[in-house]
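*Asks:* One structure, pasted below without further comment.
The values are calculated or read from the model by the stated rules, or taken from the named source; none is laboratory data. As the structure is a prediction and not an experimental result, all values here were calculated from the model. In this analysis, Cβ positions are derived from the backbone assuming ideal geometry, glycine residues included, and neighbour counts consider all displayed protein chains.
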Amino acid sequence: MAYQAVDFIDESRIWSLLEAGRRASRQQVEAIIEKAGLCKGLSPEEVAVLIQVEDEELLEKMYATAREIKEAIYGKRMVFFAPLYISNHCVNSCAYCGYHAANRDMPRRKLSLEEIEAEVRALLRMGHKRIALETGEHPTECPLDYVLEAMQTIYSVREANSNIRRINVNIAATGVEDYRRLKEAGIGTYILFQETYHHDTYARLHPRGPKSDYLWHLTAMDRAMQGGIDDVGIGVLYGLFDFRFEVVATLLHAEHLEEVFGVGPHTISFPRLRPAEGVSLDSYPHLVSDRDFRKIIAVMRLAVPYTGMILSTREAPGYRDELMALGISQISAGSCTGVGGYQARMCGEEENSSTAQFEVADERTPEELIRNLCVAGYLPSWCTACYRSGRTGDRFMALAKTGNIANVCQPNAILTFKEYLEDYASPETREVGEQAIRAQLAAIRSEKARAVTLERLARIEAGERDLYL
């Protein structure tokens, strides 16, 4: 029997959980934190308790446990990617987005395939191997055929020793057959944010356009999985509605996917509302403070210990670095949120901020960020091995939950970082990077895997590329 779309966001249940969670005792909170430390995940009831904790001592216990979980599962690895915006044409009316159709002041642009190739070459020269393909929703300016042609172009580009190895795609909700076509084209993860799970707020902020259909948007991941895409990524835009509600609702979405398809989301993203062209934050009463956003990140790491957690350049450098330790496993670097921005930057031209979807807060170059991470004890990674080895969906989660995934993730992260150091790093970055590799080799648990890694590091030094376990 074909799966029937259902609205699995029960608002009355969420409010009831939050009301009960608000009354939880200190002992109950401590017991939930202790349970979370076992890396088994948390229920919506337990998340509803933790997301309302205000006691500083309990918060510090939550943060400490989140750090321990992050370290136990992901080690010091931090995966790098960059967004690539190919069109800002859009027929939707999302009030918080600079792309909204009523924004007559925004110059509209759609990249040609030649311009997409130039953007990819600029990204490759920055060392990127993974991108998130981004577009507005427009039936004629940005149809699926255009997206598929863009993907084919991106995968075909070679620049010296480099190529893009994984394209995650963030496009509008579509039908099962379209998701099958994306799968055939080599999509990595399909990403789509619900923006807000609160029905009335969603309706108010999306008054017109295809995106105004809450249920169609909500069940996009169901159709994507029916279409064969088993790695999907969800998220909300924090600041549109009460973050406590959104956190519990996000977990309900993850549970729904697990129950129906046997595997939850591969990633959860954490964008926070930022100013954009024609968009002011003055009319948004639910903006999330730094303190509360820190709590959101920690609680979600406790709740879904094996799920990738993504943080964009919306957050400022020092604060962004702090959030990484609490649970973030993937970050964007050197991002341009405008159409055609990378090539303009590479040519020394001023980027056109009027085509940007939102303002960037972390403007460090990838190399600056890499040096900072190495000094802080992290291991930058551009690994795409699981995707290309079939370790996706429930197969990835099965390996992750047994801890065996670390025996391939750590070596592959080291090998991709070695490629970066050989091909792109300045002498200063190479020095701190080689120190980081030597330190991270010790974190490979399997002696056999460590030996293979050392052998392949030598092959990379000799000129080989794209070696992975």
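*Asks:* Identify, please: which residue in segment 189-245 is under 21 Å from HIS89 (Cα atoms) and charged (D, E, K, R) and is, among those, nearest to the chain's Cα centre (by Cα)?
*Replies:* GLU195
*Asks:* Continuing with the same structure: Please enumerate the residues belonging to segment 14-48 that are closer than 15 Å to HIS256 by Cβ and either loosely packed, with under 15 Cβ neighbours inside 10 Å or among the polar types (S, T, N, Q) (or both).
*Replies:* As a first pass, look at segment 14-48 and keep what is closer than 15 Å to HIS256 by Cβ: 14, 41, 43-44, 47.
Of everything in segment 14-48, just one residue is closer than 15 Å to HIS256 by Cβ and either loosely packed, with under 15 Cβ neighbours inside 10 Å or among the polar types (S, T, N, Q) (or both), namely SER43.
*Asks:* Do we find that ASP178 is in a helix (DSSP H, G or I), of a type in the set (D, E, K, R) and free of Cβ contacts under 8 Å to residues at least 24 places away in the same chain in this structure?
*Replies:* no
*Asks:* Same structure, new question: Name the residues in segment 66-77 that are under 28 Å from LEU240 (Cα atoms) and crowded, with 22+ Cβ neighbours inside 10 Å, would you?
*Replies:* Selection gives ALA66, LYS70.
*Asks:* More than 30 Å from LEU38 (Cβ to Cβ), within 23 Å of the chain's Cα centre (by Cα), acidic (Asp, Glu) and modelled with pLDDT of 95 or more: which single residue out of GLU455, GLU419 fits that description?
*Replies:* When all the criteria are applied, what remains is GLU419.
*Asks:* Go through GLU159, GLU115, GLU149, GLU137 for me and flag whichever is under 30 Å from VAL375 (Cα atoms) and either surrounded by fewer than 16 Cβ atoms within 10 Å (Cβ to Cβ) or charged (D, E, K, R) (or both).
*Replies:* The unique qualifying residue is GLU159.
*Asks:* Restricting attention to segment 426-457, which residues are basic (Lys, Arg) and either in contact with a Pro (Cβ under 6 Å, 6 or more places away or on another chain) or surrounded by 12 or more Cβ atoms within 10 Å (Cβ to Cβ) (or both)?
*Replies:* ARG430, ARG445, ARG450, ARG456
*Asks:* Name every residue in segment 386-438 that is part of a loop (DSSP other than H, G, I, E, B) and more than 28 Å from THR307 (Cβ to Cβ), in order of residue number.
*Replies:* TYR424, ALA425, SER426
*Asks:* Which of the residues belonging to segment 427-449 are in contact with a Lys or Arg (Cβ under 9 Å, 6 or more places away or on another chain) and not charged (D, E, K, R)?
*Replies:* THR429, VAL432, GLY433, ALA436, ILE437, ALA439, GLN440, LEU441, ALA442, ALA443, ILE444
*Asks:* Here is a check on your reading of the model: is GLN194 surrounded by fewer than 21 Cβ atoms within 10 Å (Cβ to Cβ), in the same structural domain as ILE268 (by TED's automatic domain parsing) and polar (S, T, N, Q)?
*Replies:* When the stated conditions are applied, GLN194 does not pass them.
*Asks:* Test of understanding: among LYS211, LYS183, which residue is touching a His at 6+ places or on another chain (Cβ under 9 Å) and assigned by TED's automatic domain parsing to the domain that holds GLU119?
*Replies:* It is LYS211.
*Asks:* Let me ask something additional. Let me confirm something: among ILE310, ILE234, which residue is out of contact with any Pro (no Cβ under 7 Å at 6 or more places or on another chain), aliphatic (A, V, I, L, M) and modelled with pLDDT of 95 or more?
*Replies:* ILE310
*Asks:* Taking segment 270-289 on its own, how many of its residues are of a type in the set (D, E, K, R), out of contact with any Gly (no Cβ under 8 Å at 6 or more places or on another chain) and within 16 Å of THR313 (Cβ to Cβ)?
*Replies:* 1
*Asks:* Can you find a residue in segment 223-241 that is of a type outside the set (Val, Ile, Thr), surrounded by fewer than 21 Cβ atoms within 10 Å (Cβ to Cβ), out of contact with any Ser or Thr (no Cβ under 6 Å at 6 or more places or on another chain) and within 30 Å of ILE460 (Cβ to Cβ)?
*Replies:* no
*Asks:* Just the residues that are out of contact with any Ser or Thr (no Cβ under 9 Å at 6 or more places or on another chain) and either surrounded by fewer than 21 Cβ atoms within 10 Å (Cβ to Cβ) or closer than 20 Å to ILE131 by Cβ (or both), please, taken from segment 379-389.
*Replies:* Step one: filter segment 379-389 for residues out of contact with any Ser or Thr (no Cβ under 9 Å at 6 or more places or on another chain), giving 379, 388-389.
Answer for segment 379-389, where residues must be out of contact with any Ser or Thr (no Cβ under 9 Å at 6 or more places or on another chain) and either surrounded by fewer than 21 Cβ atoms within 10 Å (Cβ to Cβ) or closer than 20 Å to ILE131 by Cβ (or both): ARG388, SER389.
*Asks:* Got a sec? Which of GLU419, GLU363, GLU367, GLU431 is without any contact (Cβ under 8 Å) to a residue 24 or more places away in the chain and not aliphatic (A, V, I, L, M)?
*Replies:* GLU431
*Asks:* Same structure, new question: Against the condition at pLDDT below 90 and buried (at least 21 other Cβ atoms within 10 Å of the Cβ), how does ALA406 come out, does it pass?
*Replies:* yes
*Asks:* What number of residues in segment 276-316 are touching a Cys at 6+ places or on another chain (Cβ under 8 Å) and of a type in the set (Val, Ile, Thr)? Walk me through it before giving the result.
*Replies:* As a first pass, look at segment 276-316 and keep what is touching a Cys at 6+ places or on another chain (Cβ under 8 Å): 276, 279, 305-306.
When the remaining residues are screened for being of a type in the set (Val, Ile, Thr), the result is 279.
Within segment 276-316, residues that are touching a Cys at 6+ places or on another chain (Cβ under 8 Å) and of a type in the set (Val, Ile, Thr) number 1.
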